[in-house]
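The values are calculated or read from the model by the stated rules, or taken from the named source; none is laboratory data. What you are looking at is a predicted structure, and each value in this text was computed from that prediction instead of being measured. Every residue, glycine as well, gets a Cβ built from its backbone with ideal geometry; the counts of neighbours run over all protein chains shown. For the accessible areas, the whole protein counts, side chains as well, though only heavy atoms, and no ligand, DNA or RNA atoms are used. Shrake-Rupley method; radii C 1.70, N 1.55, O 1.52, S 1.80 Å.
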Amino acid sequence: MDCCAHEGPEGGDARFEVKKVADGVWVAVAAPAYKVNCNTAIIESDDGVTVVDTHSKPSAARVIVERLRDLTTKPVRYVVNTHFHWDHWHGNEVYPAAYPSAEIVTNQITREAMVNKGLKRIQDHVRGVPAEIARLREELAAAPPARRDKLEADLRLAQAYLAEVTALKPALPTIAFEQTMKLYRRDREIHLLHLGRAHTEGDVFVYLPKEKVVITGDAVIGWTPYMGDGYPEDWAGTLDRLAQLDFTHIIMGHGDVVGREWLRTFRAYVHDMVAAVRREVATGATLDEVKQRVTAALAPTYERPFSTYGEYRPWRTGLAGNVERTFAMVS
Ligand SMILES: [Zn+2]
């Protein structure tokens with residue numbers, strides 16, 4: 001750990017702890033925020049910087065651009081998006097604005113998902129946040145004094161987010177690859193890999209073979225995975241292909257840097273959850289029954305490890321969503 005939590009001039013709730021992972025490789029670990037932010041990986045090479053993922057809004061990406069100036073004088077040349085979810089690419093526009101020659105890179109599947117689903121979802125946010133603001137106002141009006149500070153802060157953040165998402169200028173990737181793209185810099189290799197479906201249909205993994213670091217996006221995270229756009233039945237197999245790579249450090253989409261033991265736990269959770277849902281569906285159980293029984297079956301093993309961020313992202317809520325998605329896919 002070589003730095004401190006820091007809030008940029010317009011960062012709002014975008015706070016990051018920058019940590020060194022290898023020589024010239026850092027991660028900005030995002031603190032829990034009202035509008036969730038992903039982590040950003042920062043890779044310095046002889047001729048410039050590659051960053052991976054850009055958060056849920058431009059103001060958060062601008063905090064990273066500021067922090068970069070403390071780390072290196074080199075310009076950002078590549079911005080990689082690991083998948084099409086809003087909290088990983090809505091800050092893209094900041095990089096070409098700050099570094100005119102920056103290219104934004106992802107695979108073809110993810111670029112298409114941004115065009116076909118991501119752009120529409122921006123409009124869903126623009127339409128949906130006013131109702132969220134109205135709800136917060138109502139809650140605030142009825143809230144006891146002890147809850148007011150938090151609700152007032154959330155209200156301010158929701159209003160600021162609405163202004164940002166309304167003004168968003170979505171910066172789509174300028175380079176798209178099929179299966180694999182490799183950047184051979186003089187001093188390091190950066191491999192961009194598609195290993196199969198997991199969190200989305202197009203998850204990109206970034207692999208630094210010399211440094212033994214892998215960057216997973218949300219295919220591996222520090223809390224219960226979100227599967228709403230995911231492929232629970234393919235997920236463990238994709239992680240098995242990931243496990244074949246030689247690495248010691250995992251920079252995840254959310255949560256602190258971990259080692260291989262977390263990949264084993266995370267993969268086992270996904271595998272066991274899918275197996276348990278299949279088993280219950282085969283008995284003819286209803287969705288509610290499946291939720292209850294799978295929760296009871298998995299809690300002894302998985303509730304603790306998946307509760308590191310339990311207040312922010314409770315395991316049982318995440319599991320219920322995972323069971324629903326899996327139930328719909330195996331029924
Ligand atoms: Zn995601």
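Evaluate E = 1/(1 + (r/R0)^6) for residue 172 and residue 245, where r is the Cβ-Cβ distance and R0 equals 41 Å; express this FRET efficiency to the nearest 0.05.
Plugging the Cβ-Cβ distance into 1/(1 + (r/R0)^6) gives 0.90.
From largest to smallest, what semi-axes in whole angstrom does the stretch 7-113 give when each is the square root of 5 times an eigenvalue of its alpha carbon gyration tensor? Could the numbers behind the result be given before it?
Numbers: eigenvalues 66, 64, 32 Å².
Whole-Å semi-axes of the equivalent ellipsoid: 18, 18, 13.
Find how much the distance from residue 163 to residue 268 grows on full extension, using 0.36 nm per residue of separation minus their present alpha carbon separation; answer in nm with one decimal.
Net length gain for the segment: 33.7 nm.
How much FRET efficiency would the formula 1/(1 + (r/R0)^6) give for residue 153 and residue 108, where r is the Cβ-Cβ distance and R0 is 45 Å, rounded to 0.05?
Computed FRET efficiency for residue 153 and residue 108 comes out at 0.65.
With r as the distance between the Cβ atoms of residue 184 and residue 260 and R0 = 35 Å, compute the FRET efficiency 1/(1 + (r/R0)^6) and round to 0.05.
So, using R0 = 35 Å, E works out to roughly 0.85.
For residue 72 and residue 140, compute 0.36 nm times the residue count separating them, minus their Cα-Cα distance, and round to one decimal in nm.
Gain in length upon complete extension: 20.1 nm.
Using only the alpha carbon atoms of the stretch 132-273, find the Kirkwood hydrodynamic radius as the inverse mean reciprocal pair distance, in angstroms to one decimal.
17.9
Which of the pairs 57/150; 117/210; 35/182; 20/150 have their Cα atoms more than 29 Å apart in this structure?
Numbers: 57/150 21 Å; 117/210 36 Å; 35/182 33 Å; 20/150 32 Å.
In this structure, 117/210; 35/182; 20/150 lie more than 29 Å apart at Cα.
Compute the relative contact order of the stretch 144-293 as a whole-number percentage, counting only Cα pairs closer than 8 Å that sit 6 or more residues apart in sequence.
Once normalised by length, the contact order is 16 percent.
Can you work out the Karplus-derived ³J(HN,Hα) for every residue in the stretch 276-282? Use 6.51 cos²θ - 1.76 cosθ + 1.60 with θ = phi - 60°, whole Hz, and x for glycine or proline.
With the stated coefficients, the stretch 276-282 comes to 5, 5, 4, 4, 6, 4, 4 Hz.
Given a cut-off of under 8 Å on Cα pairs at least six residues apart, what relative contact order in percent is computed for the stretch 83-190?
Computed value for the stretch 83-190: 42 percent relative contact order.
Can you compute the charge dipole magnitude of the chain about its Cα centre, using +1 on each Lys and Arg Cβ and -1 on each Asp and Glu Cβ, nothing else charged? Give it in debye, rounded to the nearest 20.
With only Lys, Arg, Asp and Glu charged at Cβ, the dipole is about 120 debye.
Using helices alone, what [θ] at 222 nm do you get for the chain, with -39,500 (n - 2.57) per DSSP H run of 4 or more residues, divided over all residues and rounded to the nearest 500?
Helix-only estimate at 222 nm: -14000 deg cm²/dmol.
What is the extension gain from residue 331 to residue 229, computed as 0.36 nm multiplied by their sequence separation minus the C-alpha to C-alpha distance, in nm to one decimal?
The span from residue 331 to residue 229 would gain 35.0 nm if fully extended.
Quick one: which residues, 5 or more positions from residue 107 or on another chain, have an amide H under 5 Å from its amide H? H modelled 1.01 Å from N in the peptide plane, none for Pro or chain starts.
177
Which GluC sites (Glu not before Pro) from the stretch 147-205 combine a DSSP loop assignment with at most 11 other Cβ atoms within 10 Å?
On the way: sites: 152, 164, 178, 189, 201; in loops: 178, 201.
Hits after loop and neighbour filter: 178.
Between the stretch 171-221 and the stretch 289-331, what is the separation of their alpha carbon centroids in Å?
A separation of 28 Å, based on Cα centres.
Determine the per residue accessible area of the chain with all protein chains present and a 1.4 angstrom probe, expressed in square angstrom.
43
In the chain, carbon and sulfur make up what percent of the accessible area (probe 1.4 Å)?
Looking at the chain in its full context, I get 52 percent from C and S.
Give me the one-decimal Kirkwood hydrodynamic radius in Å for the stretch 223-298, with the sum taken over alpha-carbon pairs.
Radius from the Kirkwood sum: 13.8 Å.
Given 10 Å bins starting at zero, what is the percent of C-alpha pairs of the stretch 155-208 in each, up to the one with the largest pair distance?
19, 29, 24, 23, 4
Restricting to Cα pairs below 8 Å that are 6+ residues apart, what does the relative contact order work out to for the chain? Please round to a whole percent.
This gives 13 percent for the chain.
Average the reciprocal distances over every distinct pair of alpha-carbons in the chain, invert the result, and give the Kirkwood radius in Å.
The answer is 20.6 Å.
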